[in-house]
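Visitor: Have a look at this one before I ask anything.
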Amino acid sequence: MTTQHTEHTPALDVTAVDRKTVLVTGASSGIGEAVAARLAVEGHRVVAGARRMDRLQALAERTAGAAARAGGVLEPVRLDVTDRADVAGFVTGACERHGRVDVLVANAGVMPLSRLDSLLVDEWDRMIDVNVRGLLHGIAAALPVFGAQGSGHFVTVASVGAHEVVPTGAVYCATKYAAWAVTEGLRQECDPSVRVTTVSPGVVASELAGTITDPGAAEAMRTYRAHAIDPDAIAAAVSYALSQPPEVDVNEIVVRPSRQR
Ligand SMILES: NC(=O)c1ccc[n+]([C@@H]2O[C@H](COP(=O)([O-])OP(=O)(O)OC[C@H]3O[C@@H](n4cnc5c(N)ncnc54)[C@H](OP(=O)(O)O)[C@@H]3O)[C@@H](O)[C@H]2O)c1
């Protein structure tokens, strides 16, 4: 199920002083799309990255009116997070166009679940490349920028799978445990002028389960995902973390459906 993000009234309308340049990876569908749309409509300058440019262009068109009224913009940029040079260009390009980067939302992810004895090794590699290396590429690109500016905010979209392992989820959960650990280590090491937030969603309506090729895992997911919540619930959590005053660092938010135990 895909939620269409059209023009809506933002819960929070930023002033020119609070307007941030926000980079979002994986913004062509699901949670990333909702985050990019909400922040643009709240008045931020959003640089939305993913591989499917047609989806990003359509999102930019749908949000253009409401974003402009709030002083915001959504700028589509082609991005493959597995390519370190691509991610570096994503960050430096935004710096050149906007003069600074205030927030990096590392959201891009894939979830081709399977039991380990299915031996879908290429899919294990893909999850490590996108979910872990993609995050590290973002940190490598943005950390020097945040250091030079004396401010910045990393937001990692992890998962409840960063806190528990389930059958068919061994490798996916491992990548999310890794994302959680990297982000927590980053928080501990960073200068206090740089804020670090992990957002851990439960089941959210998106295209994520579409990456599952293992028939057993796909069938199990249909029941598991029956109570999925709207991706804007996660976007609202990201918006909350960003809107706090500089001395307040929201470290982790877990958002899951009320019916998910
Ligand atoms: N939905 C849930 O229930 C749920 C729960 C917990 C955590 N999460 C996490 O939330 C994040 C977003 O997932 P979603 O649920 O919104 O799934 P989704 O609808 O499938 O979106 C995934 C996004 O990642 C992008 N992506 C994949 N590979 C990429 C690459 N190599 N380079 C750049 N972008 C890439 C996709 O864009 P392109 O294909 O256009 O590149 C897409 O925009 C993921 O990290 C996921 O693990 C989701």
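Visitor: Is one or more of the residues making up region 220-228 in contact (Cβ under 8 Å) with a residue 12 or more places away in the chain, open to solvent by 30 Å² or more (accessible area, probe 1.4 Å), under 20 Å from the mean Cα position of the chain (by Cα) and under 30 Å from G43 (Cα atoms)?
Guide: yes
Visitor: Restricting to region 77-92, count the residues that are open to solvent by 70 Å² or more (accessible area, probe 1.4 Å) and within 15 Å of the chain's Cα centre (by Cα).
Guide: Looking only at that region, the number is 0.
Visitor: Name the residues in region 65-76 that are touching a residue at least 12 places away in the same chain (Cβ under 8 Å) and either under 15 Å from V238 (Cα atoms) or open to solvent by 60 Å² or more (accessible area, probe 1.4 Å) (or both), would you?
Guide: If the condition is that a residue be touching a residue at least 12 places away in the same chain (Cβ under 8 Å) and either under 15 Å from V238 (Cα atoms) or open to solvent by 60 Å² or more (accessible area, probe 1.4 Å) (or both), then V73 is the only one that fits.
Visitor: If you don't mind, there's one more thing I want to ask. Surrounded by fewer than 18 Cβ atoms within 10 Å (Cβ to Cβ) and either within 30 Å of E247 (Cβ to Cβ) or not basic (K, R) (or both): is that true of L113 in this structure? Write out each step before concluding.
Guide: On the way: surrounded by fewer than 18 Cβ atoms within 10 Å (Cβ to Cβ): no; either within 30 Å of E247 (Cβ to Cβ) or not basic (K, R) (or both): yes.
Spelling it out, it is not the case that L113 is surrounded by fewer than 18 Cβ atoms within 10 Å (Cβ to Cβ) and either within 30 Å of E247 (Cβ to Cβ) or not basic (K, R) (or both).
Visitor: So which of S258, S206, S239 ends up being of a type in the set (S, T, N, Q) and open to solvent by 50 Å² or more (accessible area, probe 1.4 Å)?
Guide: S258
Visitor: Count, please, the residues in region 44-64 that happen to be surrounded by fewer than 24 Cβ atoms within 10 Å (Cβ to Cβ) and small (G, A, S).
Guide: So the count comes out to 3.
Visitor: Do any helices (runs of 4 or more DSSP H) lying entirely in region 112-216 carry at least 1 residues that are within 16 Å of the ligand (Cβ to nearest atom) and under 23 Å from D230 (Cα atoms), and which ones are they? Full working, then the answer.
Guide: On the way: elements: 121-127, 134-149, 170-189.
By residue number, 170-189.
Visitor: Could you tell me which residue of region 25-53 is nearest to the ligand (Cβ to nearest atom), considering only residues that are in a strand (DSSP E or B) and small (G, A, S)? Reasoning before the result, please.
Guide: Taking region 25-53 as the starting set, the residues that turn out to be in a strand (DSSP E or B) are 25, 45-50.
Retained after the next criterion (residues that are small (G, A, S)): 48-50.
Details: A48: 9, G49: 6, A50: 4 Å.
Within region 25-53, the match that is nearest to the ligand (Cβ to nearest atom) is A50.
The values are calculated or read from the model by the stated rules, or taken from the named source; none is laboratory data. Note that this is a predicted model, so its numbers are computed, not measured. Because the Cβ atoms are built from the backbone with ideal geometry, glycine has one as well, and the counts that use them run over all protein chains shown. Note: areas computed on protein heavy atoms with side chains; ligands, DNA, RNA excluded. Shrake-Rupley method; radii C 1.70, N 1.55, O 1.52, S 1.80 Å.
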